[in-house]
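Asker: There's a structure below that I have some questions on.
The values are calculated or read from the model by the stated rules, or taken from the named source; none is laboratory data. Keep in mind the model is a prediction, meaning the values are calculated, not measured. Cβ sites come from the backbone with ideal geometry, for glycine too, and all protein chains shown count toward neighbours. When the accessible area is computed, the model is the full protein with side chains, heavy atoms only, and any ligands, DNA or RNA have been set aside. Shrake-Rupley method; radii C 1.70, N 1.55, O 1.52, S 1.80 Å.
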Amino acid sequence: MEVVAGVDLGGTAVNYTLVNREEKFLIDGLCEHPSLAKQGPEVCLQQIEDGLRIAADRAGVQMSEIVAVGLDTPGPASAAGKLSAKGSTNFVHANWAEYDIREGLAQRLGKPVSYLNDGNAGALWGHFNIFGATGKETSVTVVIGTGLGGGVILDGNVIKGRKGFGGELGHVLIPYQSIAGIAGMKPKCNCGRIGCLESVCSLTAIERDFLPFFLPKYPGHELGKSENLNRAAKMVRGLADKGDPMCREIFRVQAHALGLFFDEMVNTFDPDALIVGGGAIETTPEFQSWFIEEIHTGMPTQREEQADIPIFIMPNGDTAGARGAAIEALKLARSGGLA
């Protein structure tokens, strides 16, 4: 049985999945192994190989039956998988500087390896759920977490860009001043600019800007009693899901920010679907429906031909990276006649 593997390398864990040529995933849910990325390339790649053997055993396949591997990691890295010379939070060891992690893993495993950044891998998984691995449709995905990632799938292929920064959706500037209820707010992004989508739509935005802005408007609110804004920010989603007025207002603003952003994407790509994923929408179906409706409300008036564009919630958020990486590997295997 010929299969391909998906490997999602994070800061604390490596997540694995396997998929066969019929596009059936052989592992349900998470299949994790500890990540040792901070110990450098040699230790990390050995750990990836060890975990892949465990995943193969769990799926009931031999390592020899894995014909290609898809890898995704956080950035910054080139489109081909060469890590930044400046390092990053997840790749602090000096030996990671300018290391070609895709090639390194391919040499260790003796198998073809494809590479995506984690945002693009998640976007590919969301796209696959709607259109399959061989469709030529176009989709735009945002993944809302501590920051905001995502990606663009154009005619069925991931947009990576010249330097690997294609699909850096969190750093698209939006006209946030047009959102009702936040007059005077100047949301600053981690990149240093004012008004990036991530600066308005992320957990960091809730901690840095939204709670300081909204708590004075809701005197006596329970989150105002917390001395730790980070802890308070993590409680906003749950309270919003339960109908708390202030927390719902925060999520309304984030939804309207997405509406403005999606309007820009509709007029740039005319996509077949818009997809939202990440921890922000790991909520009840009722809240998810409300959030999507607020995104539509926040979108400027569309042309009649564009107004019916669907917005989907990404399923299986925890496994999105590994599954998207596996889909990219399946494309690689098919193009090379391996599957």
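Asker: For a quick check, take a GNM of the chain with Cα springs below 10 Å and name the residue from Ser226, Ser35, Ser289 with the largest mean-square fluctuation.
Answerer: In this elastic network of the chain, the residue with the biggest mean-square fluctuation among Ser226, Ser35, Ser289 is Ser226.
Asker: Based only on the alpha carbon positions, what is the Kirkwood hydrodynamic radius of the chain, in angstrom?
Answerer: 20.7 Å
Asker: With each pseudo-label sitting 7 Å past Cα toward Cβ, what's the Gln302-Ser84 distance in nm, one decimal?
Answerer: Label-label distance for Gln302 and Ser84, simple model: 3.4 nm.
Asker: Between Arg334 and Met235, with labels modelled 7 Å along Cα→Cβ, what's the label distance in nm to one decimal, could you check?
Answerer: In this crude label model, Arg334 to Met235 measures out at 4.8 nm.
Asker: I want the local charge near Lys136. Using Cβ-Cβ distances under 11 Å, sum +1 for each Lys or Arg and -1 for each Asp or Glu among the other residues.
Answerer: -3
Asker: Could I ask something else about it? When ligands, DNA and RNA are left out and all protein chains stay put, how many square angstrom of accessible area per residue does the stretch 2-86 have with a 1.4 Å probe?
Answerer: That works out to 41 Å² per residue.
Asker: Follow-up. How big is the charge dipole of the stretch 186-240 about its Cα centre, in debye rounded to the nearest 20, if each Lys and Arg gets +1 on its Cβ and each Asp and Glu gets -1 on its Cβ?
Answerer: 80 debye
Asker: Which whole DSSP H helices in the chain pass both tests: a Cα extent of 30 Å or more along the axis and a mean Kyte-Doolittle value no lower than 1.0?
Answerer: None clear 30 Å together with a mean of 1.0.
Asker: Among the lysines, which have Cα under 21 Å from the Cα of Lys86 when same-chain residues fewer than 8 positions away are ignored?
Answerer: In chain and number order, the partners are Lys38, Lys160, Lys163.
Asker: Calculated FRET efficiency, Ser226 and Ala183, Cβ-Cβ r, R0 35 Å, to nearest 0.05?
Answerer: FRET efficiency, Ser226 to Ala183: 0.85.
Asker: Among rounded, prolate and oblate, which fits the stretch 180-321 when a ≥ b ≥ c are the square roots of the eigenvalues of its C-alpha gyration tensor, a/c under 1.5 means rounded, and a/b larger than b/c means prolate?
Answerer: Note, shape of the stretch 180-321 comes out prolate.
Asker: Same structure again: From the gyration tensor of the Cα coordinates in the stretch 247-339, what semi-axes in whole Å does the equivalent ellipsoid have, largest first, with each one equal to sqrt(5λ)?
Answerer: 29, 19, 9
Asker: How much net charge surrounds Glu264 when only the other residues with a Cβ under 15 Å from the Cβ of Glu264 are counted, with Lys and Arg +1 and Asp and Glu -1?
Answerer: -3
Asker: Sticking with the crude label model, points 7 Å out along Cα→Cβ, report the distance from Glu293 to Met63 in nm, one decimal please.
Answerer: It is 5.4 nm.
Asker: Do any chymotrypsin sites (Phe, Trp or Tyr not before Pro) in the stretch 260-337 lie in a DSSP loop with no more than 13 other beta carbon atoms within 10 Å, and if so, which?
Answerer: Passing both the DSSP loop test and the Cβ count: no residue.
Asker: Regarding the stretch 117-241, what's the average projected area of the Cα-atom convex hull, expressed in nm²?
Answerer: Convex hull of Cα atoms, orientation-averaged projection: 9.3 nm².
Asker: Provide the net charge surrounding Ala205, with neighbours chosen by a C-beta distance below 15 Å and charges set as Lys +1, Arg +1, Asp -1, Glu -1.
Answerer: +3
Asker: How large is Rg/Rh for the stretch 15-121, to two decimals, with Cα atoms and a Kirkwood Rh?
Answerer: Using Cα coordinates only, the ratio equals 0.96.
Asker: Additional query: Counting pairs on different chains as well as pairs 8 or more places apart, how many Lys pairs in the stretch 182-339 have Cα atoms under 29 Å apart?
Answerer: Total qualifying Lys-Lys pairs in the stretch 182-339 comes to 14.
Asker: Please go through the stretch 255-336 and write out the GluC sites (Glu not before Pro) that DSSP classes as loop and that have at most 11 other C-beta atoms within 10 Å.
Answerer: The qualifying sites are Glu304, Glu305.
Asker: Ignoring ligands, DNA and RNA, please state the percent of accessible area on the chain from carbon and sulfur, probe 1.4 Å.
Answerer: 49 percent
Asker: Taking 1 over the mean of 1/r across every pair of different Cα atoms in the stretch 53-93, what Kirkwood radius in Å do you get?
Answerer: 12.6 Å
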